[in-house]
Amino acid sequence: MPSTHLLIIGDRAALSWVLTEQRMAFPAGRSKAARALEEGDEIFLYTTRGCFGNPTRDLGRVIGRATVASSVRVLEEPVVFGERSFTEGCRLAVSGLARFREGLVLRELVPRLSVFPDPATWSVRLRRASLTLPPGDADLVRTELGPLLRPYPETAEQYRWPPVST
């Protein structure tokens, strides 16, 4: 049975790559978390407050929905963002995106999500590449996010930045 995961993205260049390539890459040392994703799993894309370089203005938001389209494997060439190297990855099929700077503000749902047992320290659980959501939490996010999603071709361009040299 497919699982649902929150993919946590904290850098706009990485987000642009994820959405342009419809792929996800994981840093070295995160093999166990990466291998939790299986083909057919549902993905919610979450951008952190710092993703766009202004954490005082931006909020952490769930901005998209996708499906894992291939198994996670070691990449022939690592993807590099800044000084971080991402050595494993998978393909994604993005089915919908919220408009830029829109999306589901996650902190507003925290009290209703069982994956965050202590609402006072919920953000600590987001210091990883992905977080598996229990079925009830996945249903809640899916329901709340659905009305905010637009077709991928209609919104993807809003999230593109010039490529980062690798």
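The values are calculated or read from the model by the stated rules, or taken from the named source; none is laboratory data. From a predicted model like this one, the values you see are computed outputs, not experimental measurements. FYI the Cβ positions are ideal-geometry reconstructions off the backbone, even for glycines, and counts take in every protein chain you see. In case anyone asks, the SASA skips ligands and DNA or RNA and just uses the protein heavy atoms, side chains included. Shrake-Rupley method; radii C 1.70, N 1.55, O 1.52, S 1.80 Å.
Out of all the residues in the stretch 59-100, which are out of contact with any Leu (no Cβ under 9 Å at 6 or more places or on another chain), charged (D, E, K, R) and within 18 Å of Leu7 (Cα to Cα)?
Answer for the stretch 59-100, where residues must be out of contact with any Leu (no Cβ under 9 Å at 6 or more places or on another chain), charged (D, E, K, R) and within 18 Å of Leu7 (Cα to Cα): Arg73, Arg84, Arg91.
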Q.
Among (1) surrounded by fewer than 12 Cβ atoms within 10 Å (Cβ to Cβ); (2) under 16 Å from the mean Cα position of the chain (by Cα); (3) more than 14 Å from Ile63 (Cα to Cα), there is one condition Asp137 misses while meeting the rest; what is its number?
A. (1)
**Q.** Pick from the stretch 23-57, criterion open to solvent by less than 50 Å² (accessible area, probe 1.4 Å), assigned to a loop (DSSP other than H, G, I, E, B) and at pLDDT 90 or above, ranking: nearest to Ala138 (Cα to Cα)
**A.** Asp41
Q. Can you name the number of the only condition in (1) part of a strand (DSSP E or B); (2) among the hydrophobic types (A, V, I, L, M, F, W, C); (3) open to solvent by 60 Å² or more (accessible area, probe 1.4 Å) that Leu131 fails?
A. (3)
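Looking at Ser71, is it small (Gly, Ala, Ser) and not in a strand (DSSP E or B)? If you could, list the steps in order and put the result at the bottom.
On the way: small (Gly, Ala, Ser): yes; not in a strand (DSSP E or B): yes.
Taking the combined requirement at face value, the residue satisfies it.
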Q: Determine if the stretch 77-94 includes at least one residue that is at negative phi, assigned to a loop (DSSP other than H, G, I, E, B), of a type outside the set (S, T, N, Q) and open to solvent by less than 50 Å² (accessible area, probe 1.4 Å).
A: no
Q) List, please: which pairs have Cβ atoms under 8 Å, are six or more places apart or on different chains, and start with a residue in the stretch 63-74 that is at pLDDT below 95 and end with one that is surrounded by fewer than 23 Cβ atoms within 10 Å (Cβ to Cβ) and small (Gly, Ala, Ser)? A) Val72/Ala34; Val72/Gly89; Arg73/Gly89
(Q) As an exercise: evaluate Glu144 against (1) under 28 Å from Ala28 (Cβ atoms); (2) open to solvent by 20 Å² or more (accessible area, probe 1.4 Å); (3) modelled with pLDDT of 90 or more and give the number of the one condition it does not meet. (A) (1)
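Just to verify a result, which residue in the stretch 95-114, among those that are touching a Pro at 6+ places or on another chain (Cβ under 7 Å) and open to solvent by less than 10 Å² (accessible area, probe 1.4 Å), is nearest to Tyr159 (Cα to Cα)? Before you say what the answer is, go through the steps one by one.
The initial filter retains those residues of the stretch 95-114 that are touching a Pro at 6+ places or on another chain (Cβ under 7 Å), namely 96, 110-111, 114.
If we keep only those that are open to solvent by less than 10 Å² (accessible area, probe 1.4 Å) too, we end up with 96, 110.
Numbers: Gly96: 13, Val110: 25 Å.
The qualifying residue nearest to Tyr159 (Cα to Cα) is Gly96.
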Q. Checking Pro119 against (1) more than 16 Å from the chain's Cα centre (by Cα); (2) open to solvent by 80 Å² or more (accessible area, probe 1.4 Å), which single condition isn't satisfied?
A. (2)
